[in-house]
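The values are calculated or read from the model by the stated rules, or taken from the named source; none is laboratory data. This one's a predicted model, so the numbers in the text were calculated from it and none came from an experiment. All Cβ positions, even for glycine, are placed from backbone atoms using ideal geometry, and neighbour counts span all protein chains on display.
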Amino acid sequence: MKHLYFGTNMKMYKTNADTRRFLTRLSELFGGDYPEALTLFVIPSFPALESAAGLLKDSPILLGAQNMHWADEGQFTGEVSPLMLNDLGVSMVMLGHSERRHVFGETDEDLNKKVLAAVRHGLIPLLCIGETAAQKDAGVSDEVLRMQLKQDLYGFPKEKIGSLRIAYEPVWAIGVSGVPASAEYAGRRHEVIRGCLKDLFGTAGGSVPILFGGSVNPQNAAGYLLQNDVDGLFVGRSAWDADNFHSMVRALF
Ligand code: PGA
């Protein structure tokens, strides 16, 4: 049975207290009984990371951050460095979420520096890629995905490939006004991503986990997981309630 992944990005929702309640309830629901061959992860807001790290200390649930600067330290007001994340006990970092790219103008050049900094500091980079609606309509989705992968992973050390995670999230499918992609559409894009990872890293690229995200919900989740090359799900809104998170995991895995 292949290893699968399921995690949530909480965006700019949930205070520290809300996150504590979420994680406490989640631990109660799992009661120490976590499905095998499944990696779970939670990515709360920065202010909640320290207390989340305390709550997840003995849990198999991995803790991630939503963003990171590439420098160890410096005159970068408002930014968070890899050293700070290491210090908090964070193990993964999401990079290039569509809201970072399209609301805050992060470029592939920035993301390349961030991905390399993450691996240099022993953090698991969860690199998010995806095409916009205009790019899909123009028929260039596959080109966009390949360009993002090639630019963002430029110079990625092959010996660290085991730590890389990719999330494919079509920009037009994300969030309250997102339109869920069909499972077949997602499956075809995952195939393209897999092919590109193999071009970049040889056979090792074949085992990089590729997660799907964007309006994943209890009704459509199983369909995505049935696609070849979909190794897990990256969920927003539908997993922000601990009971829903838990029941999706139980139903799917
Ligand atoms: P959504 O968010 O599931 O609420 O569409 C997904 C994401 O932004 O990662």
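Assorted remarks:
- Some residue of segment 2-14 being touching a residue at least 40 places away in the same chain (Cβ under 8 Å), part of a helix (DSSP H, G or I) and either buried (at least 16 other Cβ atoms within 10 Å of the Cβ) or not basic (Lys, Arg) (or both): no
- Filtered residues of segment 179-220 (kept if among the small types (Gly, Ala, Ser) and buried (at least 20 other Cβ atoms within 10 Å of the Cβ)): Ala181, Ala186, Gly205, Gly213, Gly214, Ser215
- Residue check for Ser141: in contact with a Pro (Cβ under 9 Å, 6 or more places away or on another chain) and more than 16 Å from the ligand (Cβ to nearest atom): yes
- Subset tally (residues that are in a helix (DSSP H, G or I), within 12 Å of the ligand (Cβ to nearest atom) and more than 18 Å from Ile129 (Cβ to Cβ)) for segment 204-230: 1
- Matching option when the condition is touching a Ser or Thr at 6+ places or on another chain (Cβ under 7 Å) and either farther than 26 Å from Leu85 by Cβ or basic (Lys, Arg) (or both), among Glu184, Glu143, Glu131: Glu131
- Residue match in segment 142-150 (condition: of a type in the set (S, T, N, Q) and either out of contact with any strand residue (DSSP E or B) (no Cβ under 6 Å at 6 or more places or on another chain) or farther than 22 Å from Val192 by Cβ (or both)): no
- Evaluated against (1) modelled with pLDDT of 95 or more; (2) under 19 Å from Val235 (Cβ atoms), Pro47 falls short on exactly one condition, (2).
- Residues of segment 57-81 satisfying the condition of being more than 24 Å from Tyr13 (Cβ to Cβ) and of a type in the set (D, E, K, R): Asp58, Asp72, Glu73
- Each residue in segment 92-105 was checked for being surrounded by fewer than 18 Cβ atoms within 10 Å (Cβ to Cβ) and either touching a strand residue (DSSP E or B) at 6+ places or on another chain (Cβ under 8 Å) or in a loop (DSSP other than H, G, I, E, B) (or both), and 3 of them qualify.
- Failed item, numbered, when Gln151 is tested on (1) surrounded by 21 or more Cβ atoms within 10 Å (Cβ to Cβ); (2) away from the ligand (no atom under 16 Å from the Cβ): (1)
- Filtered by the rule that a residue be touching a Leu at 6+ places or on another chain (Cβ under 9 Å) and either among the β-branched types (Val, Ile, Thr) or within 14 Å of the ligand (Cβ to nearest atom) (or both), segment 98-110 gives Arg100, Arg101.
- Selected residue [outside any loop (DSSP other than H, G, I, E, B) and within 16 Å of the ligand (Cβ to nearest atom)] from Arg189, Arg194: Arg189
- Within segment 154-178, being buried (at least 18 other Cβ atoms within 10 Å of the Cβ) and within 16 Å of the ligand (Cβ to nearest atom) holds for Arg165, Ile166, Ala167, Tyr168, Glu169, Pro170, Val171, Trp172, Ala173, Ile174, Gly178.
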